[in-house]
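Quick notes on the structure that follows.
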Amino acid sequence: MGEFSYEVTAESKASPEAVFAVLADGSRWKEWAGAMIRHSSFEREGTPAPGGVGAIRRVGSWPLYGREEIVEYEPPTRLAYTILSGQPIRNYKAIVELAPRGGGTAIRWSATFDPKIPGTGRLFSRYFAALIGGFAKRLAERAERA
């Protein structure tokens with residue numbers, strides 16, 4: 001079936017430190033991520049606590065919840081996670097990179113994955129690009145208000 005990917009970008013007037021703080025706080029995603037995320041919590045804390053490497057966050061809305069494990073935590077420039085369950089894909093790894101730009105922050109959110117169902121890779125690439133593109137935009141806005 002092959003590997004698929006997507007990449008979205010956004011810009012925030014907030015500093016990388018402010019953007020990273022909002023992004024890394026998995027228990028508060030429900031406050032800013034949008035209608036698809038009505039629940040967000042840590043199932044397990046990581047190092048450093050609560051949202052560092054090894055943390056598992058649970059996000060979504062009934063009856064569809066995703067479980068994501070933080071695999072890289074490098075404040076204030078990089079956070080990466082894998083999806084453990086809740087999506088019809090496998091080998092999903094997302095990387096969120098934050099870079100200073102003009103007094104604010106450039107946000108680059110990209111991922112690779114393999115579809116579980118043959119023929120759905122392009123569909124899921126478009127779906128994730130739209131969903132995560134919205135997350136990136138709302139992340140930028142939330143950090144500006146923080």
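Before moving on, here are some points about what is shown:
- Going through (1) within 19 Å of TYR6 (Cα to Cα); (2) surrounded by 13 or more Cβ atoms within 10 Å (Cβ to Cβ); (3) touching a residue at least 12 places away in the same chain (Cβ under 8 Å) one by one, ARG122 falls short only on (2).
- Boolean, GLY54 is farther than 12 Å from LEU139 by Cβ, more than 11 Å from the chain's Cα centre (by Cα) and at pLDDT 95 or above: yes
- In the set (1) touching a Pro at 6+ places or on another chain (Cβ under 6 Å); (2) exposed (fewer than 14 other Cβ atoms within 10 Å of the Cβ), the condition left unmet by PRO63 is number (1).
- Entirely in region 35-145, the strands (runs of 3 or more DSSP E) that have 1 or more residues that are in contact with a Leu (Cβ under 8 Å, 6 or more places away or on another chain): 56-61, 64-74, 78-85, 89-101, 104-115
- Matching residues in region 33-55 - criterion: being surrounded by 19 or more Cβ atoms within 10 Å (Cβ to Cβ) and of a type in the set (Val, Ile, Thr): ILE37
- Only listed residue being over 14 Å from TYR6 (Cα atoms), touching a helix residue (DSSP H, G or I) at 6+ places or on another chain (Cβ under 8 Å) and crowded, with 18+ Cβ neighbours inside 10 Å, chosen from ALA94, ALA143, ALA80: ALA143
- Residue that is farthest from the chain's Cα centre (by Cα) [pool: residues in region 99-119 that are among the aliphatic types (A, V, I, L, M) and loosely packed, with under 15 Cβ neighbours inside 10 Å]: ILE117
- When residues of region 8-47 are limited to those that are in contact (Cβ under 8 Å) with a residue 60 or more places away in the chain and among the charged types (D, E, K, R), the one farthest from ALA94 (Cα to Cα): LYS13
- Selection status of ALA24, within 18 Å of GLU144 (Cα to Cα), more than 15 Å from the chain's Cα centre (by Cα) and buried (at least 17 other Cβ atoms within 10 Å of the Cβ): no
Quick grid of which residues meet (1) in contact with a helix residue (DSSP H, G or I) (Cβ under 9 Å, 6 or more places away or on another chain); (2) under 27 Å from ARG101 (Cα atoms):
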site	(1), (2)
SER15	yes, yes
GLU31	yes, yes
GLY34	yes, yes
PHE42	yes, no
GLY46	no, no
VAL59	yes, no
PRO63	no, no
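- With respect to the conditions (1) in contact with a strand residue (DSSP E or B) (Cβ under 7 Å, 6 or more places away or on another chain); (2) surrounded by fewer than 18 Cβ atoms within 10 Å (Cβ to Cβ); (3) not aromatic (Phe, Trp, Tyr), ILE132 lacks only one, and its number is (2).
The values are calculated or read from the model by the stated rules, or taken from the named source; none is laboratory data. Keep in mind the model is a prediction, meaning the values are calculated, not measured. So basically every Cβ, Gly included, is an ideal-geometry build from the backbone, and we count neighbours across all protein chains shown.
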